[in-house]
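Scroll down for the structure; my scribbles are underneath it.
The values are calculated or read from the model by the stated rules, or taken from the named source; none is laboratory data. Quick caveat: nothing in here was measured; it's all calculated off a predicted structure. Because the Cβ atoms are built from the backbone with ideal geometry, glycine has one as well, and the counts that use them run over all protein chains shown.
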Amino acid sequence: MKENGMAKAKVSIVRCLDYSDQSVLPAVRGAVDLLGGMDAFIKRGDRVLLKPNLLVARAPEKAVTTHPTVVKAVIQLVRDAGGIPMVGDSPSIGSLVKVASKAGIYDVAREMNCRLVDFGDAVQVRGAHQGIFTKTEVARAVMDSDLVINLPKLKTHGMTTMTLSVKNVFGCIPGTKKIQWHLRAGVNRHYFAQMLVELYGIIRPGLNVVDAVVGMEGEGPNAGNPRKIGLIFAGSDGIAVDSTICRAMGLSPRDVLTNRIGSGLGLGVSQLKDIEIVGEELDEVQVRGFRLPRSMEPQWGLPGPLRWLLRNWLTAKPYVRRDLCKLCEICVKGCPPGALAKVNERIDVDYSKCIRCFCCSEFCPEQAIDVRKGWPLRLFGKSS
């Protein structure tokens, strides 16, 4: 289908009610077939990197990581098309093998005789001319592959509202380098979203297949609640895919900065008139009452310096639930600005240093770091 002579970005939506192989493989194959089949993306002999979400070591039922049966299905489809699949990511905490083992993806890779690729080796890549980042270090395995297939998990995110196709490419930056990007962005969500979009433009996944069979709502990407959605989304335009998912979750695509910035830079489309949805009708898959993170705060149009001075009152901030904290200090070691410290057998947060990246909440294995709303949301009772 074309609009004013221009081909629309195609996004497929297919129902998938559970994570059994008998449900997932046909659903993923159906979603890809609606886009022209895997042969439309892969040439025989292509080295194809599958990039799931392997944030931290969590069991599949926690809905933190891409489910192993989705990864398994895509490996099978790549093989059927004559490609050579491999699976890689750079977890925030823990080794790739440890995180993939807990997530069930290590066993799938071994069963399917598919190589796990570590992202420790990086290569410096120049950014686009229209961007603001001149160079970025990206995992060499990503840049050496013939095709990247992006396999996000549908989740909320404290800093970016949702973590979908565009946000999932952040894992292509080796672990320690991600901390530097958080420090550079600070509390500026727009700056961080701009970096994600430009990184997406460098990597340009050829295909995005989103695991939305069971997603995460609330305090994602680690401490939220699993939410059964029963869908697989797919498309070559990650911004179109993410914008379609936003609509299905009851959000405006503009609520997610990466959609707004990415479409503005011409890296994808976010308006419904530019997207052809195939498979299920969008109106038939609406999710009611999908809960967003509490960290979503109004900015009130205040200038940056004033926002900075008032951020402890205006913005959400992490706080430690001492009844759940095991004093493992993973949050202390992983905090980009070093705002957390163990003091007198408890974890304290120095809010003068905290940049509200909520990495501490992402890393915590006990889900002991919660998000406390700023006073505007508490006062006016805005639901999240």
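Details
- Matching residues in region 206-222 - criterion: being outside any strand (DSSP E or B) and crowded, with 24+ Cβ neighbours inside 10 Å: E219, G220, P221, N222
- Each residue in region 132-191 was checked for being part of a helix (DSSP H, G or I) and touching a Lys or Arg at 6+ places or on another chain (Cβ under 6 Å), and 0 pass.
- Taking region 205-241 as the range and being in contact (Cβ under 8 Å) with a residue 60 or more places away in the chain and basic (K, R) as the test, only R227 passes.
- The set of residues in region 109-156 being at pLDDT below 95, touching a strand residue (DSSP E or B) at 6+ places or on another chain (Cβ under 9 Å) and small (G, A, S) consists of G120, A122, G127.
- For region 8-50, the tally of residues that are touching an Asp or Glu at 6+ places or on another chain (Cβ under 6 Å) and closer than 30 Å to G334 by Cβ stands at 0.
- Filter result (surrounded by fewer than 16 Cβ atoms within 10 Å (Cβ to Cβ) and of a type outside the set (A, V, I, L, M)) within region 119-139: G120, D121, Q124, R126, H129, Q130, T134, K135
- Residues of region 108-129 that are in a strand (DSSP E or B) and either without any contact (Cβ under 8 Å) to a residue 24 or more places away in the chain or more than 30 Å from V24 (Cα to Cα) (or both): A122, V123, Q124, V125, R126.
- Pairs with Cβ under 7 Å, 6+ apart, first in region 359-371 and closer than 11 Å to K326 by Cβ, second assigned to a helix (DSSP H, G or I) and not aliphatic (A, V, I, L, M): C364/C331
- Any pair with Cβ under 7 angstrom, 6 or more apart, that starts in region 133-162 at a residue that is touching a residue at least 12 places away in the same chain (Cβ under 8 Å) and ends at one that is of a type in the set (S, T, N, Q) and surrounded by fewer than 19 Cβ atoms within 10 Å (Cβ to Cβ): E137/Q124
- Scanning region 45-101 for residues that are in a strand (DSSP E or B) and hydrophobic (A, V, I, L, M, F, W, C) yields V48, L49, L50, I84, M86, V87.
- The number of residues in region 94-107 that are closer than 19 Å to E61 by Cβ and touching a residue at least 40 places away in the same chain (Cβ under 8 Å) comes to 8.
Matching residues to (1) under 16 Å from L55 (Cβ atoms); (2) in contact with a helix residue (DSSP H, G or I) (Cβ under 6 Å, 6 or more places away or on another chain):
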position: T176; (1), (2): yes, no
position: A212; (1), (2): no, no
position: K228; (1), (2): no, no
position: P253; (1), (2): no, yes
